[in-house]
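Report on the following structure.
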Amino acid sequence: MFLAFQYPIEIPGVATMQFLKVAANAQRKARGEKEYTVPEFMKHVRAKAEALNINQDMLKRAVNVGFSGGEKKRAEILQMAVLEPSLCVLDETDSGLDIDAMRVVADGVNALRSPDRAMIVITHYQRLLDYIVPDKVHVLSDGKIVKSGPKELALELEEKGYANFVGQAA
Amino acid sequence: MNVMTTMTPAEQALGLTLPNRREEEWKWTDLRRFVERPYGAVVPADRKAVERLLAQSPFAGLKGPRLVIANGVVDEKLSRLAGVKLAKGAAAVAHEDVLLSLNNKLGVAGATLTFEGAVDQPVVIVFVTTGENSAVASRLHLDVAEGASASVIEVHLGEGAYLHNPVVSASIGKGARLDRVKVEQEASSAQHLSHLIATLGANAILNDFTLTAGAALSRQNVNVDFTGKGSNLRVNGSYLLTDSQHADTRLIVDHKVPHCTSRELFKCVMAEKARGVFQGKVIVRPDAQKTDGKQSSHALLLSETAEFDAKPELEIYADDVICGHGTTCGDLDHDHLFYLRSRGIPEAEARSLLVQAFLAEAIEAVENEQVREVLTEMIVERLV
């Protein structure tokens with residue numbers, strides 16, 4: 001399982017590449033798979049990083065330290081791509097992103113979509129859903145799912161607002 | 001006047017009075033109480049043990065020149081001295097200090113390494129000490145000639161409950177540079193009482209890093225004197241202490257001349273009941289205008305019972321200087337730990353990563369990449 005944070009924290013002194021490697025190998029160990037060797041891992045990360053517009057320089061820097069909002073979110077998606085989780089939770093990944101950055105992040109997320117992987121995307125806006133087209137939409141109010149529907153439900157919400165649902169939950 | 005108290009059996013054996021906590025510098029390290037064994041005479045080092053320890057040295061993989069000093073005596077057979085200028089004896093140093101007095105009292109011939117021109121390969125100097133209840137003195141002088149550059153790695157290893165008192169002096173000539181790395185990894189029941197005295201000529205550079213990881217008690221006195229303009233000093237250090245280890249560094253940087261820069265950074269990690277002490281003093285004499293000095297010490301306490309004491313001091317007599325100091329002390333950041341664990345990294349590994357990250361800043365000063373990697377590996381091994 002993977003949780004993409006709304007506000008990824010900065011960890012000075014831990015290089016992104018080293019962090020990714022330790023995390024990926026911990027996963028593989030837990031799954032009973034062979035750990036990555038350094039060259040294997042470099043190859044694995046590089047391809048994924050390029051797709052997300054993350055350059056080598058960013059990988060050498062400490063985890064999220066001095067990254068812009070967009071860079072942090074891209075780094076989160078890179079972690080997700082490297083760790084290959086079966087369930088992903090994306091918590092307001094769209095906050096603080098401009099249109100271009102949102103597209104890069106969404107492309108990254110879409111590339112990870114597969115029948116073997118579930119994703120929960122948490123957002124307040126339709127905007128992100130133009131890029132990441134959901135299979136199902138659930139409306140959560142006061143900790144309960146108050147309505148479920150197809151992707152059109154999100155469009156309906158965008159038009160009418162949440163007001164109708166807030167009452168129901170109470 | 002001091003009233004002479006009865007000498008302890010340990011003091012009688014060493015032949016001098018040891019400082020106690022009523023002396024400001026020894027406030028946290030009451031040597032009179034710490035040194036309680038009546039250490040006896042030095043016996044020749046156990047050859048087998050020395051060879052075994054050498055093989056275990058973290059720098060055993062470095063192929064370059066090596067100087068082995070076993071129980072205070074140069075072992076030429078185990079050393080690789082091709083291209084190294086080694087002479088017997090070491091010049092006396094002009095500092096008053098109990099650890100120097102001890103060195104003189106214990107009596108040791110010592111050795112001098114002279115560096116001329118540019119020496120690329122680091123010289124590994126291994127101090128191996130073996131024996132139960134011996135007080136061993138070592139004495140080494142590093143002479144870096146005008147315009148020369150040198151790199152040394154000092155490793156302290158041993159076996160047994162001994163006291164090791166190494167005194168290293170370094171004279172860095174005009175326009176010369178010395179890179180020094182010290183790894184204190186003495187036997188777990190040993191006591192390490194060392195002194196480094198360095199003198200920098202004009203436009204000279206001293207880049208120093210010490211990793212303190214071994215010994216039950218480690219007290220390291222460091223004096224650096226600026227005697228020529230335009231020189232640069234960096235003294236970094238890391239402690240990696242656990243159980244009831246006690247390490248105390250007393251550093252005095254003396255700016256006697258103008259236009260010199262000094263930087264000190266200590267990053268100390270204490271676990272269990274370990275105690276770390278850092279006493280750093282920067283003196284800026286009236287003539288030392290345009291001095292730029294910064295000192296900081298940071299501690300990471302991994303348990304409720306670990307302790308860190310810091311005494312940063314600035315003694316400034318000049319009026320056109322930039323000087324500052326800072327100290328922090330804390331435990332691991334829980335948010336950092338949570339983030340790493342959320343990525344599937346087991347807690348122990350996450351903690352180790354964060355400790356490595358904390359220490360990394362101090363190790364960065366080591367410019368030789370291979371040496372830096374060995375240091376990092378040592379730290380990782382110790383943290384597992």
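The table below gives the values:
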{"item": "Answer from B:PHE59, B:PHE34 - the residue that is in contact with a Leu (Cβ under 6 Å, 6 or more places away or on another chain) and more than 20 Å from B:VAL108 (Cβ to Cβ)", "result": "B:PHE34"}
{"item": "Given (1) more than 18 Å from the chain's Cα centre (by Cα); (2) farther than 16 Å from B:THR29 by Cβ, number of the condition B:SER244 does not satisfy", "result": "(2)"}
{"item": "Residues located in segment A:139-152, provided they are outside any loop (DSSP other than H, G, I, E, B) and either in contact (Cβ under 8 Å) with a residue 60 or more places away in the chain or out of contact with any Lys or Arg (no Cβ under 7 Å at 6 or more places or on another chain) (or both)", "result": "A:LEU140, A:SER141, A:LYS144, A:ILE145, A:VAL146, A:LYS147, A:GLY149, A:GLU152"}
{"item": "Candidate set from segment A:33-50 (those that are more than 14 Å from chain B (Cβ to nearest Cβ) and of a type in the set (D, E, K, R)); member that is nearest to A:LEU83 (Cα to Cα)", "result": "A:LYS48"}
{"item": "Failed condition for B:LYS77, given (1) outside any helix (DSSP H, G or I); (2) touching a residue at least 40 places away in the same chain (Cβ under 8 Å)", "result": "(2)"}
{"item": "Given (1) closer than 28 Å to B:VAL374 by Cα; (2) buried (at least 20 other Cβ atoms within 10 Å of the Cβ); (3) of a type outside the set (Val, Ile, Thr), number of the condition B:ALA118 does not satisfy", "result": "(2)"}
{"item": "Selection within segment A:18-27 - facing chain B (nearest Cβ under 8 Å) and either within 17 Å of A:GLY69 (Cα to Cα) or among the polar types (S, T, N, Q) (or both)", "result": "A:GLN18, A:GLN27"}
{"item": "Condition met for B:PHE278 (buried (at least 23 other Cβ atoms within 10 Å of the Cβ), under 29 Å from B:ARG372 (Cβ atoms), assigned by TED's automatic domain parsing to the domain that holds B:VAL183 and within 17 Å of the chain's Cα centre (by Cα))", "result": "yes"}
{"item": "Subset of segment A:94-138 that is of a type in the set (Lys, Arg) and assigned to a loop (DSSP other than H, G, I, E, B) - its residue that is farthest from A:GLY70 (Cα to Cα)", "result": "A:LYS136"}
{"item": "Where A:GLU76 falls short, out of the listed (1) part of a helix (DSSP H, G or I); (2) under 18 Å from A:LEU3 (Cα atoms); (3) more than 14 Å from chain B (Cβ to nearest Cβ)", "result": "(3)"}
{"item": "Check on A:ALA169, in contact with a strand residue (DSSP E or B) (Cβ under 8 Å, 6 or more places away or on another chain) and modelled with pLDDT of 85 or more", "result": "no"}
{"item": "Tally of residues being within 25 Å of B:THR242 (Cα to Cα) and in contact (Cβ under 8 Å) with a residue 40 or more places away in the chain across segment B:189-207", "result": "5"}
{"item": "Single residue of segment A:51-60 satisfying the filter (under 22 Å from B:ARG341 (Cα atoms) and crowded, with 18+ Cβ neighbours inside 10 Å) that is farthest from the other protein chains (Cβ to nearest Cβ)", "result": "A:MET58"}
{"item": "Segment A:130-148 - residue that is of a type in the set (A, V, I, L, M) and within 20 Å of the chain's Cα centre (by Cα) and, of those, nearest to A:LEU112 (Cα to Cα)", "result": "A:ILE132"}
{"item": "Checking B:LEU86 against (1) surrounded by 15 or more Cβ atoms within 10 Å (Cβ to Cβ); (2) part of a loop (DSSP other than H, G, I, E, B); (3) more than 21 Å from the chain's Cα centre (by Cα); (4) of a type in the set (A, V, I, L, M, F, W, C), the condition it does not meet", "result": "(2)"}
{"item": "Single residue of A:ALA15, A:ALA30 found to be within 14 Å of chain B (Cβ to nearest Cβ), within 24 Å of B:LYS267 (Cβ to Cβ) and free of Cβ contacts under 8 Å to residues at least 60 places away in the same chain", "result": "A:ALA15"}
{"item": "When residues of segment B:192-231 are limited to those that are among the polar types (S, T, N, Q) and in a loop (DSSP other than H, G, I, E, B), the one surrounded by the most Cβ atoms within 10 Å (Cβ to Cβ)", "result": "B:SER231"}
{"item": "Close pairs from segment B:26-44: first closer than 15 Å to B:LEU102 by Cβ, partner of a type in the set (Asp, Glu) and surrounded by 15 or more Cβ atoms within 10 Å (Cβ to Cβ), Cβ under 7 Å, at least 6 apart", "result": "B:THR29/B:ASP248"}
{"item": "Candidate set: segment A:1-12, residues that are more than 7 Å from every other protein chain (Cβ to nearest Cβ) and of a type outside the set (D, E, K, R); chosen: the one nearest to the chain's Cα centre (by Cα)", "result": "A:ALA4"}
{"item": "Some residue of segment B:241-252 being outside the structural domain of B:ALA365 (by TED's automatic domain parsing), of a type in the set (Val, Ile, Thr), within 24 Å of B:GLU23 (Cα to Cα) and touching a residue at least 12 places away in the same chain (Cβ under 8 Å)", "result": "yes"}
{"item": "Given (1) among the hydrophobic types (A, V, I, L, M, F, W, C); (2) in contact (Cβ under 8 Å) with a residue 40 or more places away in the chain; (3) surrounded by 18 or more Cβ atoms within 10 Å (Cβ to Cβ); (4) within 13 Å of chain B (Cβ to nearest Cβ), index of the condition A:VAL89 fails", "result": "(3)"}
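Yes or no, residue by residue, for (1) basic (Lys, Arg); (2) farther than 24 Å from B:GLY15 by Cβ; (3) modelled with pLDDT under 95; (4) in contact with a His (Cβ under 6 Å, 6 or more places away or on another chain):
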| position | (1), (2), (3), (4) |
| --- | --- |
| B:LYS85 | yes, yes, yes, no |
| B:GLY89 | no, no, yes, no |
| B:SER101 | no, no, yes, no |
| B:GLN121 | no, yes, yes, no |
| B:ASN133 | no, no, yes, no |
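The values are calculated or read from the model by the stated rules, or taken from the named source; none is laboratory data. Model, not experiment: these values are computed from the prediction. Cβ coordinates were reconstructed from backbone atoms using ideal geometry, including for glycine residues, and neighbour counts include every protein chain displayed.
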